[in-house]
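Below: one structure, written as structure tokens.
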Amino acid sequence: MVRLTKEKIQFWKDNGFIKLKNILTKQELATISKEYDRIFRLKNNPGMEAAWEGNEMKKAAENNEYSVHSIHNLQFHSAVFAHFLHNNNMLEALEDIMGTPNILLHHTKAHDKPPGRGAPYLMHQDYHYFPYKKHSMVAAFLCVDPATPENGGLCVYPGSHKLGPLEDVGYKGDGIDHTYHYMDPKKYPIEGATPVECEAGDIVVFSYLLLHGSYRNVSERSRRMFLIQLMAAEDEPVEDVHKSPGQGWVLRGSNDNRKAHMSERFLH
């Protein structure tokens, strides 16, 4: 079991993020890594492109070509990822972090940043994609590869979760698939953020109110990640948006607020 000390819980409260180590065994990580590569090779197609667009992105990429491939809801592609969702070490730590024994799945996704041209992500809050009343939403970000600023690793503004929802100035293109949420890059530049360097297998948990982004991959190494978004069963959405298959799946505890008969709307 991985229960957090009082000092680590206080670090989480103060900073809005925390890095967890020794959650997975070497064999578990190797299995995830192998299956990750297999799925991405199998699904490889233009529809996997997930890099943001717009002038601010071009500036962040210094007008270089950039790309990132993405697959959502990997637990519907392979039992390896469904199994990982129930990792007891991770859920023990999340219970301490979230302050509830009742943890629900929101969605999962994986991003693969290719060497030399992996896209950056401007500083943003996940709140704007799926706002919740009690702000219980967190992300558990598994680094499948070692992550540094050079290969497009994660960066954060520690303590920014205390600012609450910030103004979204993101790029609004044609259609919902071309709407990106991010903060003013002049106020919150990537260069001003704190890098979160990780070893393969580390999991970074952060509040969906924390300002976070990631660097461009300028290295000769890939940067693969798998992210799980989770919320407390006691919380509820502000808007009926960002519905995914399996959303509301109880990963720990129970969901006593769920109605006996509930219709679902899934957007793939």
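Within segment 13-25, being under 22 Å from residue 86 (Cα atoms) and outside any loop (DSSP other than H, G, I, E, B) holds for 17, 18, 19, 20.
Scanning segment 76-93 for residues that are out of contact with any strand residue (DSSP E or B) (no Cβ under 6 Å at 6 or more places or on another chain) and in a helix (DSSP H, G or I) yields 76, 79, 80, 81, 82, 83, 84, 88, 89, 90, 92.
Only one of these is under 15 Å from the mean Cα position of the chain (by Cα) and among the polar types (S, T, N, Q): 160, 136. Name it. Before you say what the answer is, go through the steps one by one.
On the way: 160 fails: under 15 Å from the mean Cα position of the chain (by Cα).
None of the other options fit; the residue is 136.
Pairs are defined by a Cβ separation below 7 Å, a sequence spacing of at least 6 or placement on different chains, a first member in segment 186-211 that is surrounded by fewer than 23 Cβ atoms within 10 Å (Cβ to Cβ), and a second member that is modelled with pLDDT under 95; the pairs so defined are 190/60.
Residue 30 falls short on exactly one of the conditions (1) free of Cβ contacts under 8 Å to residues at least 40 places away in the same chain; (2) buried (at least 16 other Cβ atoms within 10 Å of the Cβ), and that condition is (2). Criterion applied to 59, 19, 6 was being in contact (Cβ under 8 Å) with a residue 60 or more places away in the chain and more than 21 Å from the chain's Cα centre (by Cα), and the one residue passing it is 59. Looking across segment 53-70, the residues that are surrounded by fewer than 22 Cβ atoms within 10 Å (Cβ to Cβ) and not in a helix (DSSP H, G or I) come down to 53, 54, 61, 62, 63, 64, 65, 67, 70. For segment 161-177, the criterion of being at pLDDT 95 or above, touching a helix residue (DSSP H, G or I) at 6+ places or on another chain (Cβ under 9 Å) and either crowded, with 21+ Cβ neighbours inside 10 Å or within 19 Å of residue 244 (Cβ to Cβ) (or both) is satisfied by at least one residue.
Criterion applied to 181, 124, 135 was being farther than 18 Å from residue 54 by Cβ, buried (at least 16 other Cβ atoms within 10 Å of the Cβ) and not aliphatic (A, V, I, L, M), and the one residue passing it is 135.
Only one of these is in contact with a Phe, Trp or Tyr (Cβ under 7 Å, 6 or more places away or on another chain) and closer than 24 Å to residue 4 by Cα: 209, 230. Name it. 209 is the lone residue from the list that is in contact with a Phe, Trp or Tyr (Cβ under 7 Å, 6 or more places away or on another chain) and closer than 24 Å to residue 4 by Cα.
Of all residues in segment 96-109, which are under 12 Å from the mean Cα position of the chain (by Cα) and either of a type in the set (Asp, Glu) or surrounded by 23 or more Cβ atoms within 10 Å (Cβ to Cβ) (or both)? Break it down stepwise before answering.
Residues of segment 96-109 under 12 Å from the mean Cα position of the chain (by Cα): 106-109.
Scanning segment 96-109 gives 106, 108.
The values are calculated or read from the model by the stated rules, or taken from the named source; none is laboratory data. Because the structure is predicted, anything quoted here is derived from the model rather than measured. Positions of Cβ are backbone-derived with ideal geometry, glycine not excepted, and every protein chain shown enters the neighbour counts.
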